[in-house]
Amino acid sequence: MPFLKLKRNLRDLAELYGCELSLQGVEEHRKVSGLELSCSTCFKAARISAILMDDGFELDKMHDIEWHKSFVPLVGRILRIEKVAEEILDQDLPDGSCWTLDSFTKAFVSKLKSVAGEIYGLKSIAAYRSGLEINTNVTNQDAEEGLGQVLLARKPVRIANKNLIDYIFLQSLDVAQSYDLPMQIHTGFGDKDLDMRLANPLHLRSVFEDKRYSKSRIVLLHASYPFSREASYLASVYPQVYLDFGLAIPKLSVHGMISSLKELLELAPINKVMFSTDGCIFPETFYLGAKKSREVVFSVLRDSCLDGDLTVPEAVEAAKGILARNSIHFYKINLANSVISSDNNLQLNVIDDDLETDVSFIRIMWVDNSGQHRCRAVPRKRFNDFVSKNGVGLAFATMGMTSFLDGPAAGSGLGAVGETRLTPDLSTKRRIPWSKEDEMVLGDLNVKPGQAWEYCPRDALRRVSKILKDEFNLVMNAGFENEFFLLKSITREGKEEWIPFDSSPYCSSSAFDAATPVLREVASALHSMGIPVEQLHAEAGKGQFELVLGHTICTKSADNLVYTRETVRAIARKHGLLATFIPKYKLDDLGSGCHVHLSLWQNGKNVFMASDGSSKYGISTLGKEFMAGVLYHLPSILPFVAPLPSSYDRLQPNTWSGAYLFWGNENKEAPLRATSPPGTPGGLTSNFEVKSFDGSANPYLGLAAIISAGIDGLRRHLSLPEPVDTDPNPENLQRLPISLSESLEALHKADFLEEFIGDKLLTCIKAIRKAEIDHYSENKEAYKQLIHRY
């Protein structure tokens with residue numbers, strides 16, 4: 001151990017344990033206390049909320065992951081890929097044959113995929129074996145030869161052949177990207193068997209430049225020391241590159257630690273720099289890593305304030321990001337049910353709450369059963385101290401409210417008596433880009449922490465998704481196309497009116513030019529929250545635009561949609577405009593949909609798409625049965641995806657909204673459209689679009705209803721009818737319900753949804769829809785006020 005580090009650590013540990021300031025004094029205290037008490041003391045003092053353990057270490061005596069959970073709220077695995085490969089090659093094949101590259105690849109990839117849902121990321125130590133200059137074009141022949149050389153050596157296998165290491169690295173990165181798992185890469189200094197020249201992260205540029213891995217998430221470990229500036233540069237130019245300063249802190253001198261972190265922050269965005277202790281073997285390493293990290297982060301950010309780079313509130317937020325939030329988002333850590341909240345563990349011991357002179361808020365958001373977004377705002381300190389764990393009280397009646405009245409619908413089963421708990425899902429907490437001192441987080445409705453309330457829409461989607469996974473090993477991905485109007489206010493005859501801010505035609509450049517200040521800020525805000533925007537263009541309505549989001553697992557896609565609507569409305573308001581997602585803004589203009597593209601995934605592979613071009617329509621059997629269920633039940637699930645009376649003013653023939661009950665291949669008049677976007681192999685279909693979905697729908701309920709219909713199709717092996725690939729002929733096709741009344745009647749007749757949605761929630765939804773029908777039939781002009789609600 002370096003002399004400076006040894007002296008410093010002894011002082012810190014002697015103070016922690018209250019023992020003699022000497023190595024012998026610390027060792028004696030540990031011996032007397034025992035391992036469990038020492039661990040308890042260190043982890044409590046470290047105030048760590050989560051440990052992600054690299055399971056590649058081999059020690060004579062080791063405790064398993066479960067043992068560690070008695071000290072830390074969350075413990076997870078990081079899988080070291082070289083260790084997995086070596087363990088596979090140490091085994092003999094069942095038939096006694098020798099390993100080939102094909103048999104090894106199959107076993108290796110299968111092993112990674114089998115544990116993808118149980119781990120938080122992969123890790124490579126290629127730097128120790130053959131260096132970081134990964135050949136992204138390594139051939140199978142080269143890898144096969146490398147495998148042969150490795151197998152010639154004695155067991156246990158140790159892989160050091162560069163071609164095989166590169167091949168394993170690329171196979172692993174491909175799996176990680178498919179499962180949206182991060183990849184940790186050892187960079188910079190390490191043990192004596194590492195060639196420092198080959199550990200420079202600049203060698204990885206060929207990987208970062210390769211378009212095949214552009215959507216991967218890679219974290220360079222150990223501050224890449226002494227290549228911290230190089231790492232900072234890479235994180236600044238490659239969106240998939242993140243940085244972790246564990247090991248550099250606390251191993252270096254105080255000056256070295258501060259210099260290294262400052263170099264990381266010279267170019268890298270703050271939200272890409274992450275804390276870790278790099279603790280292992282001894283509990284003291286976790287304490288020392290956490291303690292010095294807090295001190296070094298404080299020192300660096302304090303200097304930034306003195307230099308004028310940051311304000312004090314900005315520095316406090318930067319510290320919280322570096323010490324926890326960035327890792328929570330990067331590794332998708334959910335601490336919602338943990339005893340200790342992440343923010344409570346972030347407080348730098350030298351920052352007093354009294355220094356936070358600004359009043360900032362956390363908005364806890366939910367979407368009610370009428371599809372409206374609502375929130376409760378809580379001061380940050382109150383949130384950190386209490387609400388993050390316990391939530392806030394919410395009257396039962398809030399989930400029975402309608403689009404026209406903030407009161408429960410008759411027959412909803414919800415009223416003035418009773419209160420649920422709105423509990424924040426901390427994994428969804430985001431900085432609000434248009435109000436940067438504040439944050440927002442999505443909430444679950446619970447009876448008590450950890451126990452969902454039966455009226456919770458987010459839980460309904462989770463429950464149905466679990467059935468799809470448990471019964472068919474399937475996950476549904478979703479990607480939304482958001483159509484909305486931008487309106488400006490005018491005064492006419494003393495009254496305020498909202499009219500389209502532009503009248504340019506479909507895909508007009510002039511319309512895009514006019515809206516660019518708004519759209520650019522929207523796209524930037526969404527990017528800052530990790531929400532991918534794939535396209536933006538002017539739609540056919542006056543002042544209408546469409547924003548297309550990337551697809552992801554449906555639960556996350558629904559979360560992204562909520563944040564997207566919030567972002568569009570808020571930034572439009574900032575520019576003096578009103579953005580509305582209402583399905584029908586004006587009866588004489590086109591409506592706005594929220595078309596959703598759906599696909600089925602299994603073990604990281606799109607299985608909605610057929611495996612080859614021989615399948616009819618390019619859709620797999622699973623895909624056809626699922627889609628057939630959605631088509632069969634579409635009339636009865638419309639109250640979930642088109643929940644307002646005005647929704648049916650949009651669903652008209654010849655408006656590309658889907659008015660008749662059929663499906664088609666790339667037929668924009670079909671309510672269900674099979675689609676093969678650019679990049680899809682010829683003859684195959686990658687997803688299908690539900691065009692009935694609109695912007696007034698609760699996305700969790702809408703997707704839950706669609707999955708329920710799809711599951712029924714899979715269970716009953718429903719057949720998909722022939723597609724209609726021409727303009728629909730009304731004489732040959734069934735009209736979809738022309739009103740909310742008709743679709744509600746279809747819902748009443750459907751008996752399959754109760755199993756999935758639940759009797760109480762289903763009763764509530766039906767009551768709200770009935771109230772909507774009654775109100776808008778008696779108040780013909782009332783729909784015009786909905787621009788302020790959706």
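The values are calculated or read from the model by the stated rules, or taken from the named source; none is laboratory data. Everything quoted here is computed from the prediction, not taken from an experiment. Ideal geometry is used to build each Cβ from the backbone, glycine not excepted, and the neighbour counts take in all protein chains shown. In case anyone asks, the SASA skips ligands and DNA or RNA and just uses the protein heavy atoms, side chains included. Shrake-Rupley method; radii C 1.70, N 1.55, O 1.52, S 1.80 Å.
Which loop trypsin sites (Lys or Arg not before Pro) in the stretch 42-137, with loop taken from DSSP, have no more than 10 other Cβ atoms within 10 angstrom of their Cβ? Could you put the intermediate results ahead of the total?
Details: sites: LYS44, ARG47, LYS61, LYS69, ARG77, ARG80, LYS83, LYS106, LYS111, LYS113, LYS123, ARG129; in loops: ARG47, LYS61, LYS69.
Those satisfying the criteria are LYS61.
Helix 35-46 against the longest principal axis of the chain: what's the angle in degrees, Cα atoms only, rounded to the nearest 10?
The helix 35-46 is inclined about 60 degrees to the chain.
Given LYS320/LYS574; LYS488/LYS556; LYS272/LYS436, which pairs have Cα atoms separated by over 21 Å?
Cα-Cα > 21 Å for LYS320/LYS574; LYS488/LYS556; rest within.
Compute the convex hull volume of the Cα atoms of the stretch 143-223, divide it by the residue count, and report the result per residue in Å³ as a whole number. Show your work: numbers first, answer last.
Working: hull volume 9.8 nm³, N = 81.
It comes to 121 Å³ per residue, whole-number rounded.
Can you flag which of LYS155/LYS192; LYS44/LYS123; LYS211/LYS389; LYS616/LYS691 are past 30 Å Cα-Cα?
Pairs exceeding the cut-off: LYS211/LYS389.
Compute the projected area of the convex hull of the Cα atoms of the stretch 139-183, averaged over all viewing directions, and report it in nm² to one decimal place.
3.6 nm²
Based on the inverse mean of 1/r over its pairs of different Cα atoms, what is the Kirkwood hydrodynamic radius of the stretch 604-736, in Å?
15.1 Å
Counting DSSP beta bridges in the chain, what percent are antiparallel, to the nearest 5?
Once the DSSP bridges in the chain are tallied, antiparallel ones form about 70 percent.
Accessible area per residue for the chain in Å², computed with a 1.4 Å probe and the full protein assembly in place, what is it? Don't skip to the end; give the middle numbers.
Details: 33480 Å² over 790 residues.
Per residue, the chain has an accessible area of 42 Å².
Provide the descending list of Cα extents for the chain along its principal axes, expressed in whole angstroms.
Cα spread of the chain along its principal axes, largest to smallest: 86, 68, 50 Å.
Take every Cα pair under 8 Å in the stretch 1-141 that's 6+ residues apart, average their separations, divide by the length, and report that relative contact order as a whole percent. Spell out each step's value before the answer.
Values: 99 pairs, mean separation 25.6, N = 141.
Taking the mean separation of contacting Cα pairs over the length of the stretch 1-141, I get 18 percent.
When the distances between all Cα atoms of the stretch 1-142 are binned every 5 Å from zero, what whole-number percent does each bin get?
2, 7, 11, 14, 15, 14, 11, 9, 7, 6, 4, 1, 0
Of the accessible area of the stretch 277-326, with the probe set at 1.4 angstrom, what percent is carbon plus sulfur?
That fraction is 58 percent.
Suppose every K and R has +1 on its Cβ and every D and E has -1 on its Cβ; what is the size of the dipole of the stretch 361-460 about the Cα centre, in Debye to the nearest 20?
440 debye
Quote the Stokes-Einstein diffusion coefficient, in whole µm² s⁻¹, for the stretch 89-239, based on the Kirkwood radius over alpha carbon pairs, a temperature of 4 °C and a viscosity of 1.567 mPa s.
Result for D is 80 µm²/s.
Using alpha carbons only, how many degrees (0 to 90, rounded to 10) separate the axis of helix 621-641 from the longest principal axis of the chain?
The angle comes out at about 60 degrees.
Quick check on packing: order 12-22, 217-227 by the mean number of other C-beta atoms within 10 Å, highest mean leading.
Details: 12-22: 15.1, 217-227: 25.4.
Averaged packing, sorted descending, gives the order 217-227, 12-22.
Per the Cauchy relation, a quarter of the hull surface: what is the mean projected area of the convex hull of the alpha carbons in the stretch 461-788, in nm²?
Over all viewing directions, the stretch 461-788 projects a mean Cα-hull area of 17.2 nm².
Have a look at the stretch 464-581 and give its Rg and Dmax from the Cα atoms, expressed in angstrom.
For the stretch 464-581, the Cα-based Rg and Dmax read 16.9, 62 Å.
Can you give the angle from 0 to 90° between the axis of helix 457-472 and the longest principal axis of the chain, with both taken from C-alpha atoms, to the nearest 10?
Helix 457-472 sits roughly 70 degrees off the main axis of the chain.
Wrap a convex hull around the Cα atoms of the stretch 361-460, take a quarter of its surface area, and give that in square nanometres.
Quarter of the Cα hull surface area: 6.7 nm².
Can you give me the Kirkwood hydrodynamic radius for the stretch 244-335, using every pair of distinct Cα atoms, in Å to one decimal? Could the numbers behind the result be given before it?
Values: mean 1/r = 0.0747 Å⁻¹.
Taking the inverse mean of 1/r over all distinct Cα pairs, the stretch 244-335 comes out at 13.4 Å.
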